[in-house]
Structure formats: structure tokens, C-alpha cells
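Laboratory data are not the source of any read-out in this text; all were calculated from the coordinates shown. Keep in mind that this is a model prediction, so the values were computed, not measured. Note that each Cβ is placed from the backbone with ideal geometry, even for glycine, and that neighbours are counted across all protein chains shown.
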Amino acid sequence: MKLIISILQVEQVTQSYVDWFSNKEIVRYSDNQYRTFSFDGQCSYVEGCLQNDDVNLYGIFDDNTHIGNITISGLTSHHRKAEIAYVIGEANYWGKGVASFAVANIIQKAKEEFNLNKLYACHASGNVRSGKVLKKNGFVIEGIRKKHAFINGVFVDQIDYGLLLEG
Ligand SMILES: CC(C)(COP(=O)(O)OP(=O)(O)OC[C@H]1O[C@@H](n2cnc3c(N)ncnc32)[C@H](O)[C@@H]1OP(=O)(O)O)[C@@H](O)C(=O)NCCC(=O)NCCS
């Protein structure tokens, strides 16, 4: 694998990207299970992120293949804190360290490029893979919001994580 992350451009939207969200495993732990996805819709989403100073949407690429996304939201916050979220849409890449690589890259950017004090993230209870990705990158659990999300027909806890970037 030759992984990089770079700001996702509208021209890089493909039908494969749209199709990630038809996979029930991909949307199993997220609000994406309530959304409908289309080629035009994803182009608008990417364009919206490009226009939004507060958010950076990065594509995760293996060579030229778009395999996932990672977002950082809160870049204009007075509190110098931002939230990250990620999806590895090409499920055959799961368990190969791709999300861990992307999160490590975002942490580096958060420190060096965005001068942030803190990153935070969350996952629905049960999303063990996501928890491992965060913990491997130094995030610690800051709290558990009880029955905070309605996912797959049941209320589940949300696990909140933080990573302090400054001493
Ligand atoms: C969660 C997700 C981003 C992880 O991506 P990934 O590239 O597979 O993550 P990594 O390979 O870097 O790490 C996954 C970890 O989970 C572990 N893992 C894989 N399958 C697992 C399973 N069934 N049960 C427990 N752990 C598992 C891996 O071994 C690895 O841990 P390790 O490095 O300690 O061995 C990916 O599964 C995904 O996109 N899921 C759908 C979207 C989503 O849930 N996004 C996060 C929302 S909070």
C-alpha cells in the first residue's frame, strides 16, 4: 500500500465512493444509515466542504484509489479544538491500519498546520474497531453518553474521546 491523505476534490468523486454507503457494514454505527447517497449529492457535499473554512475533508488514497475519508471540523473554533470522523469505504482495506494511518496524519496536521489544542472524536458503543484506532493514536475516553444514539433500531451509548495536543 502507498497511502496518502489529501483534500478531496469534486473531480475525485466516483460511483464507488457513492456505493460505499450501500454497504450495511459501513453505515452500521453511524448516521449515514439514515441518509441517501447519490453522485450529485456527494459532489455537493465535497463542494460544501471545500467552501467551508471550518471543515477539511480529506480523501484517503492508496496510489490513486480513493478508499476512505477523514474529516476535521472546528478549524475556526476559538477554543482551538476540532472533531475528527473517518470512514474506510473500501471494506477490503479494513484491518490493515488505514484508519490508524489517517488519524495519525490528522494529528500531525492538527499540531503543525492548524495549531490546535485538542482533538475529539466519538463512536457508538460496539464499534470496537473505531475505539482501537483512537486509542492506538493516544486518544483517551473522556466520557460515555448513555443511550445517546439510535442505531439499528436500539438506543446505544456514545463513547467520547479526547486528545490533548499541548502540554
Ligand atoms: C472503524 C474503521 C474506520 C476502522 O478502519 P481500519 O482501517 O480497519 O482500522 P485499522 O486497521 O487502523 O484498525 C482497526 C483495529 O480494529 C481491529 N479489528 C478489526 N476487526 C475487528 C473486530 N471484528 N473486532 C475487534 N477488533 C477488530 C484491528 O485488528 C485493528 O486493531 P489493531 O491495530 O490493534 O490490531 C472502519 O472499520 C470503518 O470505516 N468502519 C465504518 C465507518 C465507521 O465506523 N467509522 C467510524 C465512526 S466512529
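In this model, which of K2/K118; K24/K136; K96/K136 are farther than 19 Å apart at the alpha-carbon?
Working: K2/K118 28 Å; K24/K136 26 Å; K96/K136 13 Å.
Checking Cα-Cα distances, K2/K118; K24/K136 exceed 19 Å.
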Quiz item: Counting each DSSP H run of 4 or more residues in the chain as -39500 (n - 2.57), what helix-only mean residue ellipticity at 222 nm follows after dividing by all residues, to the nearest 500 deg cm²/dmol?
Solution: -8000 deg cm²/dmol
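By how many nm would the segment from K24 to E47 grow when fully extended, if each residue of separation counts as 0.36 nm and the alpha-carbon distance is taken off? Don't skip to the answer; put the middle values down first.
On the way: separation 23, 0.36 × 23 = 8.28 nm, distance 2.56 nm.
Answer, rounded to one decimal: 5.7 nm.
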Quiz item: ³J(HN,Hα) across the stretch 131-146 via Karplus (A = 6.51, B = -1.76, C = 1.60, θ = phi - 60°), whole Hz, x for Gly/Pro?
Solution: x, 5, 4, 5, 4, 4, 9, x, 5, 10, 6, 9, x, 10, 8, 6
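Using a Förster radius of 25 Å, what is the FRET efficiency between T36 and W94 based on their Cβ-Cβ separation? Nearest 0.05, please.
On the way: r = 24 Å, r/R0 = 0.95.
For T36 and W94, the calculated efficiency is 0.60.
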Quiz item: What full-extension length gain, to one decimal in nm, is calculated for L164 and A104 as 0.36 nm per residue of separation minus the Cα-Cα distance?
Solution: 20.2 nm
Quiz item: Summing Lys, Arg as +1 and Asp, Glu as -1, what charge do residues with Cβ under 11 Å from the Cβ of G95 carry, G95 excluded?
Solution: +3
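What length, rounded to one decimal in nm, is gained on full extension from K136 through to E11, with 0.36 nm per residue of separation minus their alpha-carbon distance? Numbers along the way, then the final one.
Numbers: separation 125, 0.36 × 125 = 45.00 nm, distance 3.29 nm.
Stretched out fully, the K136 to E11 stretch lengthens by 41.7 nm.
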Practice problem: Quick one: among E83, E112, E142, which has the greatest mean-square fluctuation in a GNM of the chain with alpha-carbon springs under 10 angstrom? | Solution: E112
Exercise. Springs between alpha-carbon atoms under 10 Å, Gaussian network over the chain: tell me which of Y17, Y58, Y93 tops the mean-square fluctuations.
Key: Y93
